[in-house]
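The values are calculated or read from the model by the stated rules, or taken from the named source; none is laboratory data. Since this is a predicted model, take the numbers as computed values, not measurements. Using ideal geometry, Cβ is built from the backbone for each residue, glycine included, and neighbour counts are taken over all protein chains shown.
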Amino acid sequence: MYADVILPLPLADKFTYKVPLELENQINIGIRVIVQFGAKKYFSALVYKLHSNPPKGNYEVKSIDDILDEAPVINLSQLSLWEWIVDYYCCTLGEVYKAALPSALKLESQTKVSFNPNYNFKEHLSGEEEALFLMLQGHGQTNIQDINRFLGKKSSLSILKKLLDKKAIYIEEKIAESYRPKTVSHVSLNPNLNTEDLIKNTLEKLKNAKKQQALLEFFLSEIILNPNEHKIPKKELLEKSRSNSGILKALIDKEILQLEQIETGRLDTSFDQEQKIFELNDVQQAAFAQIKKQLTENKPVLLHGVTSSGKTEIYIKLIEEQLKLGNQVLYLVPEIGLTTQLINRMRKAFGNKAGIYHSKFNDAERLETWQNILNNKEDSFQIVLGARSAVFLPFKKLGLIIVDEEHESSYKQFDPAPRYNARDVAVVMGQIHNAGVLLGTATPSFESYFNAKTGKYALTEITERFKNISLPEVIIADIRMAMRTKRMKSFLTPELFDEISLALEKNEQVILFQNRRGFAPYIQCKTCGWIPKCKHCDVSLTYHKNNSSLICHYCGHAVSLPSKCSNCQSEDIQTRGYGTEKIEEELQILFPEAKIARMDMDTTRAKKGYERLIYQFENRQVDILVGTQMVTKGLDFDNVSVVGVLSADQLLNYPDFRSFERAFQLIAQVSGRAGRKNKQGKVIVQTYQPKHPVLTEVAGNNFQQSFNRQMGERKLFKYPPYYRIVKVVVKHKNTARLDMATNYLAANLCKIFPFKVLGPEYPVISRIQTWYQKEIWVKLEKDSKLSHSKELIMNEITKTKSAQNNSNLIAYVDVDPM
Ligand code: ADP
Ligand code: ZN
Ligand code: ZN
């Protein structure tokens, strides 16, 4: 018997190993095995296929060393999805394996291991396991190669696996926080009291200890109310029964109740107990009914509903129905929109049936969610709220996939491969699992809207807000005019300044959006015009005042703020432009009484940074929130009356075929944060181009018009949604070599795809981290044989790579680039 296995490496092929006779009846597709690859390296590989065909070729086939799992860690539906991703995005199974599984499930020689300081030796450890545990305790973080040496083994992966299962160790990652299984004291009944009579007797005996009796009675009533719960958290029991730990202790001493430490995992499940699902209003109810019908037609459904129309409430209803059917639900949200707010809403509705899967979690937490879903037992998560990588979870009985804010570009993974778009993967996943797919947004991507208009997707639209509150009034404020009449107050037009003042007077809140973090996008010598640039990238350095340094936003390179010009030695250096940091500072001068906070990558880097800001804003500890894209997404506050877009021109002038589509989306989304609950809000959009059609369209809430106007150009210039783009990215440290290679490649591609090739051209940033890069875009017709065309492109890339002088060249494709 032979097994084709996938290694967690970006290598092209599957690899064939012999299955030793004694392992034949344990091996299975989807389980992990230990194999040697290369001279000394061992990996946990995934069994992809079992067969009896010896591989062709003249080499000795190695045997599988050992088996790691008793049961598969991934299922066949997942493998089908992986195959589709490999084919569509032109990547390898190894790359998908690497992206899909938590690190703890793809051990390799370089993996770093640490011990869990809170491990309690409940389970028995074998001699070898214990020796290793103690060794890790002494050494701290150790890589697997050193562990092999310590144990005198070729491979210690199977021991590591056992220790991982017992949660005695964990896999270290860059962002690792220590793995601390949280335990919570739970109260349960002494198992000896197993008949009604015994319980009655016990209660009877307590009649002289009224408080103890009351507590026991309360405990019993709680258990009867929740037949699935035999244990109640101690804290909850004491709070609800208004009892105290002394009384509880007496009952424990009398061996009536008992205390037990239960590991809750690090997934926070402290949520509101009351489960609350709103009734839908008539408009929502109609949309809900229509979506349900459309979902049965085996097409993805696009829900286009204005901001605050109650899309989330409709999702909740749909989820509720799936849970009743015993189905699992995947709820995808863009990275940034994974707000505390949303998980709180889900937990309110579904309690601990809702779990999260997210890149800000460490590997131990991700592993826990993975296993929880894999087991799909009664107490497992039925609904997972996750960022894009959640499409890789091992669902067994998936009924519905919701892709919230489907237009978001953060669904697309840029680097490394697989460069997939989770929204599109979700559509395929729906077919594989025979599950419904619902894409929701207030500002559809042109691709999805086009699909809906052409019948590939079904469409449901909601045009009014919940409670029929009007959409905010959008005012376009002309910066040029204000400058000419000298009425700008710092970066604020008189329109925006007045609205902020008014809002503050009325104790209402304000959100300001500026798409640049840092203090100033660049600094410049006043005498000679010199601008400091990154030495690794072709970009100017951004001035960050709080640590008085200049930072490259592409590679992270930082230098301290120069005191004089390195060109002419002048000391007259000024900051140019406005980043969020500067805006925050100047706002404080303009509105000295106001409490101002900033939300951008710099203030939310810490794990709870984002949550804290949301909390403060929700609780009105902040009057004005300044931020980057982060403030535009999905937030639901009820006291925001004014939203300001500080510079629409930054969005409109960005050189990309999607810039108008994006500008519309961003402005409409951030506007959607205003006046959600009580009364109409106001949005002020500052610009140098007050007559720009996109601004007129956004102000009129005219998505349809914006879409129609731009479709003509998209068609004419062969862009999506009419054509698919395969972007070929080529990098080299030497510009001459890069030019040669890309000219050669483009010429060959032109022969195969005449009139469909653009470039080679430098992208907006031509050099990143010392690598020069050029792009070639190939536009493929939608009806063409897509995978064949891609194959041709890949062949040309391979040809170019293997040509003379091209050994130090990086080249890859990005399918459907965003
Ligand atoms: P969207 O997702 O379309 O932006 P939300 O679902 O966030 O809209 O709804 C906006 C606000 O209105 C939320 O606070 C939500 O709880 C509330 N809301 C929407 N529909 C209802 C309803 N049927 N009953 C009560 N509150 C609702
Ligand atoms: Zn100078
Ligand atoms: Zn740089």
Open item on the list: I'd like to know if the range 208-228 contains one or more residues that are more than 20 Å from K240 (Cα to Cα) and surrounded by 10 or more Cβ atoms within 10 Å (Cβ to Cβ).
Closed with: no
- [ ] Only residues that are part of a helix (DSSP H, G or I) and within 18 Å of the chain's Cα centre (by Cα): list them for the range 346-372, please.
- [x] M346, D363, A364, E365, R366, L367, E368, T369, W370
- [ ] Would you be able to tell me the number of residues in the range 292-315 that are farther than 24 Å from S470 by Cα, hydrophobic (A, V, I, L, M, F, W, C) and either part of a helix (DSSP H, G or I) or near ligand 1 (Cβ under 9 Å from one of its atoms) (or both)?
- [x] 1
Task: Enumeration of residues in the range 316-325 that are within 10 Å of ligand 1 (Cβ to nearest atom) and within 22 Å of the chain's Cα centre (by Cα) - done: I316
Task: Every residue from the range 381-400 that is over 15 Å from the mean Cα position of the chain (by Cα) and either among the β-branched types (V, I, T) or crowded, with 18+ Cβ neighbours inside 10 Å (or both) - done: F381, Q382, I383, P394, F395, L398, G399, L400
Task: Residues of the range 497-531 satisfying the condition of being surrounded by fewer than 21 Cβ atoms within 10 Å (Cβ to Cβ), within 16 Å of ligand 2 (Cβ to nearest atom) and closer than 27 Å to P763 by Cα - done: Y522, Q524, G529, W530, I531
- [ ] Kindly indicate which of N58, N75 is more than 22 Å from the chain's Cα centre (by Cα) and within 25 Å of Q26 (Cα to Cα).
- [x] N75
Task: Given (1) away from ligand 2 (no atom under 16 Å from the Cβ); (2) more than 33 Å from the chain's Cα centre (by Cα); (3) hydrophobic (A, V, I, L, M, F, W, C), index of the condition I432 fails - done: (2)
Task: Of all residues making up the range 50-94, the number that are among the aromatic types (F, W, Y), touching a residue at least 40 places away in the same chain (Cβ under 8 Å) and assigned to a loop (DSSP other than H, G, I, E, B) - done: 1
Open item on the list: Can you confirm whether S410 is outside any strand (DSSP E or B), surrounded by fewer than 21 Cβ atoms within 10 Å (Cβ to Cβ), among the hydroxyl-bearing types (S, T, Y) and within 15 Å of the chain's Cα centre (by Cα)?
Closed with: yes
Open item on the list: Criterion first (part of a loop (DSSP other than H, G, I, E, B), away from ligand 2 (no atom under 16 Å from the Cβ) and either modelled with pLDDT of 90 or more or touching a strand residue (DSSP E or B) at 6+ places or on another chain (Cβ under 6 Å) (or both)) does R487 satisfy it?
Closed with: yes
- [ ] Collect the residues in the range 195-207 that are of a type outside the set (K, R), surrounded by 10 or more Cβ atoms within 10 Å (Cβ to Cβ) and under 17 Å from E222 (Cα atoms), keeping them in residue-number order.
- [x] I199, L203
Open item on the list: List pairs: first residue in the range 159-187 and surrounded by fewer than 20 Cβ atoms within 10 Å (Cβ to Cβ) and in a loop (DSSP other than H, G, I, E, B), second residue of a type in the set (S, T, N, Q) and at pLDDT below 60 anywhere in the structure, Cβ distance under 9 angstrom, at least six positions apart or on different chains.
Closed with: P181/T264; K182/T264
Task: Residue pairs meeting the criteria (Cβ under 7 Å; at least 6 apart or on separate chains; first over 17 Å from I667 (Cβ atoms), in the range 465-483; second surrounded by 21 or more Cβ atoms within 10 Å (Cβ to Cβ) and modelled with pLDDT of 95 or more) - done: A482/T493
Open item on the list: When you scan the range 704-727, do you find a residue that is out of contact with any Lys or Arg (no Cβ under 7 Å at 6 or more places or on another chain), β-branched (V, I, T) and more than 16 Å from ligand 2 (Cβ to nearest atom), even just one?
Closed with: no
TODO: Would you mind finding the one in V283, V301, V306 that is farther than 14 Å from V437 by Cα and under 24 Å from the mean Cα position of the chain (by Cα)?
DONE: V306
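A quick yes/no check of all residues on (1) at pLDDT 90 or above; (2) in contact with a Pro (Cβ under 9 Å, 6 or more places away or on another chain); (3) within 16 Å of ligand 3 (Cβ to nearest atom):
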position	(1), (2), (3)
I531	yes, no, yes
D538	no, no, yes
Y543	yes, yes, yes
I583	yes, no, no
A597	yes, no, no
T603	no, no, no
Open item on the list: So in the range 670-694, with the set limited to residues that are buried (at least 24 other Cβ atoms within 10 Å of the Cβ) and under 26 Å from the mean Cα position of the chain (by Cα), which one is farthest from L471 (Cα to Cα)?
Closed with: V670
Open item on the list: So, R347, is that one over 26 Å from Y97 (Cβ atoms) and in contact with a Phe, Trp or Tyr (Cβ under 6 Å, 6 or more places away or on another chain) or not?
Closed with: yes
